[in-house]
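Bear in mind these aren't lab numbers, they're just calculated from the coordinates by the rules spelled out. Quick caveat: nothing in here was measured; it's all calculated off a predicted structure. Note that each Cβ is placed from the backbone with ideal geometry, even for glycine, and that neighbours are counted across all protein chains shown.
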Number of protein chains: 2
Amino acid sequence: MKVTSTRSIQQTPVDMPGSTGCHVRWLIGKPEDAPNLAMREFQVDPGGHTPRHHHPYEHEVYVTEGQGVIYEGDTPHTIKAGDVVLVRPNEVHQFQNHSETPFKFLCLIPNEAYDLPITMAPECGDSQSAK
Amino acid sequence: MKVTSTRSIQQTPVDMPGSTGCHVRWLIGKPEDAPNLAMREFQVDPGGHTPRHHHPYEHEVYVTEGQGVIYEGDTPHTIKAGDVVLVRPNEVHQFQNHSETPFKFLCLIPNEAYDLPITMAPECGDSQSAK
């Protein structure tokens with residue numbers, strides 16, 4: 001068993017192309033030898049966003065603090081603390097924070113994600129391929 | 001994509017032997033065709049507890065509200081909102097709430113758990129087999 005506090009885990013910037021004002025804490029992952037899944041906490045600062053992207057595995061998301069928007073392709077959904085999102089494999093999605101306070105959420109992925117690609121989605125007008 | 005609110009999902013009593021004052025919401029699971037993992041929210045009322053049990057798969061736990069105790073075998077760990085626990089496969093564990101307010105946590109499991117057994121651990125003195 002491993003018991004820890006979120007705040008004791010180092011938060012690092014998300015350096016993926018298309019990411020602005022995003023930070024991540026790996027709460028449970030490979031270092032803990034978790035057999036099947038990884039738990040991360042993301043923080044999106046006011047005005048920030050994740051890349052618009054897709055990948056061949058799911059996200060299971062639980063909003064822990066603040067509020068933000070998740071885009072399902074071009075469709076925005078406003079979400080807030082206590083809301084839950086299943087992002088299905090290969091769905092184009094993006095998190096944005098239009099509020100004045102940090103937007104935090106847990107994002108769970110299967111371990112197989114470590115070996116699978118992430119694809120950035122072209123912006124609207126650049127290409128239709130990722131819509 | 002499926003977006004929902006925790007509060008919109010029905011909470012049902014946990015009817016496992018050895019459980020008192022426990023309730024569960026299945027936030028993401030089989031009905032959503034989540035490919036790899038299930039997300040549940042448990043609530044343990046003041047004075048309540050889960051069974052003392054073990055199973056051949058892990059739990060990934062995030063405390064969302066209140067505080068409680070998780071037993072690692074016979075060793076108690078006090079946990080509160082924002083704390084994270086990895087319960088490794090086959091570890092005997094139990095959640096208890098000694099506080100005056102509800103204790104809530106997310107508990108993620110791999111889908112393979114649906115087909116695997118849960119074993120109740122005999123109380124101290126009854127047997128040494130599950131320690």
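At a glance:
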| quantity | calculated |
| --- | --- |
| Selection count, the stretch A:10-34, where residues are within 12 Å of another protein chain (Cβ to nearest Cβ) and surrounded by 15 or more Cβ atoms within 10 Å (Cβ to Cβ) | 7 |
| Enumeration of residues in the stretch A:92-112 that are over 13 Å from the mean Cα position of the chain (by Cα) and either facing chain B (nearest Cβ under 8 Å) or of a type in the set (G, A, S) (or both) | A:S99, A:P110, A:E112 |
